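Just below is one structure, and these are the notes that go with it.
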Amino acid sequence: MGAESLITTLQWAAFFWGAAWGSFLNVVIYRLPEGLSVVTPGSHCPQCESPVRWYDNIPCLSYFILRGRCRNCQEPFSVRYALIEITCGVLSLALFRSTALPLSEETLLSGMGTWLWLQVFVFGLVAITFIDLKHLFIPDEISISAMVIGVAGAYALPNMDGHTAALGMGAGLGFMLAVAGLGWLVYRREALGLGDAKLMGMIGAYLGWKALPFVLFASAVQALVAVGITRAWSKLTGVESDLTLTTEELDAHFGEEDRYEEQDLEPRLVVPYGPFLALAAIEALFFGSDSIWWLAEWMANKLVGGL
């Protein structure tokens, strides 16, 4: 096999490796918030509970072969399953191309290790995104575990800097805890979830403290854009968006309806912030956190030019 054919084969393998982990993440996203085991029982239809056969559980392909339906009861599966598998496959391939290529003895030793290490990060971000969107919380099992692996891996890998990872973890966690504390003083309620603080610590562990300004800026801007679009769409169609809710609805979701009667609080608009932190972290990983300075300069020039 020639070098070019080998590289092509390895890239396909990287894609399907990631897609296979995406299939497992679907189980994690569904079961972890419910307190269920992610190992047993095996994959099964949530409607008729019939086991999913191995040939119906091939990442990416099976969903389209079955046309998104259970072979046994014909109930439709969410397109989310295929989306997560494809996303994880693409992320795995992109990481492989950026860490393990071009092939050499050095990349086989250090690049492959970095590839596997970063997969923990990006796959954790994918799981956190979908769990936070639906259940409005970020599991410690993912954020804290990935945080520890991030720092430990940075110390172990020869091409990483453990001190930078530890500093990034502390900076991300500490800053977000300070913001959460300030929010509590101002609003007399949780203005930023502790899960978001742990997620920021996880991001800092992998990307370092220098990436945190970009992550904060990009996540805030993209959250505002998403909220604006969903609010406008809701007004046009009359369909309420699951992305935004009030603090009163948030408390009801967690069974804390008495908060308003006890503290006489005004309802405020809230959004799950974890998905936007995750998106900005992936942008920083692949496009570089220095983009914030280019973006700030571009915005400043536009602002000055408009005056």
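The values are calculated or read from the model by the stated rules, or taken from the named source; none is laboratory data. All figures in this text were calculated on a predicted structure; none of them were measured in a lab. Cβ placement follows ideal geometry from the backbone for every residue including glycine, while neighbour counts extend to all protein chains displayed.
Tabulated values for the structure
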| item | result |
| --- | --- |
| Conditions (1) outside any helix (DSSP H, G or I); (2) surrounded by 13 or more Cβ atoms within 10 Å (Cβ to Cβ); number of the one not met by Phe15 | (1) |
| Segment 131-154 residues that are surrounded by 15 or more Cβ atoms within 10 Å (Cβ to Cβ), paired with ones that are among the charged types (D, E, K, R) and outside any helix (DSSP H, G or I) (beta carbon under 9 Å, 6 or more apart) | Leu133/Asp242; Ala154/Asp161 |
| Options Ile29, Ile7, Ile58: the member that is under 25 Å from Ala94 (Cβ atoms) and either of a type in the set (Ser, Thr, Tyr) or at pLDDT 90 or above (or both) | Ile29 |
| Top-ranked residue in segment 222-244 [being aliphatic (A, V, I, L, M) and surrounded by 14 or more Cβ atoms within 10 Å (Cβ to Cβ); ranked as modelled with the lowest pLDDT] | Leu243 |
| First in segment 269-282 and on the phi < 0 side of the Ramachandran plot and in contact (Cβ under 8 Å) with a residue 24 or more places away in the chain, second anywhere and part of a loop (DSSP other than H, G, I, E, B) and of a type in the set (Val, Ile, Thr), Cβ under 8 Å, 6 or more apart | Leu269/Thr244; Val270/Thr244; Val271/Thr244; Gly274/Ile138 |
| Residue match in segment 27-45 (condition: surrounded by 12 or more Cβ atoms within 10 Å (Cβ to Cβ), in contact with a helix residue (DSSP H, G or I) (Cβ under 6 Å, 6 or more places away or on another chain), within 16 Å of Phe121 (Cα to Cα) and not polar (S, T, N, Q)) | yes |
| Check on Tyr206, touching a Gly at 6+ places or on another chain (Cβ under 6 Å) and surrounded by fewer than 17 Cβ atoms within 10 Å (Cβ to Cβ) | no |
| Pair list, Cβ under 6 Å, 6 or more apart: segment 209-233 residue farther than 14 Å from Pro272 by Cα, other residue part of a helix (DSSP H, G or I) and at pLDDT below 90 | Pro213/Ile292; Phe214/Ile292; Phe217/Ile292 |
| Any pair with Cβ under 9 angstrom, 6 or more apart, that starts in segment 25-37 at a residue that is under 11 Å from Glu141 (Cα atoms) and ends at one that is assigned to a helix (DSSP H, G or I) and of a type in the set (Lys, Arg) | Pro33/Lys134 |
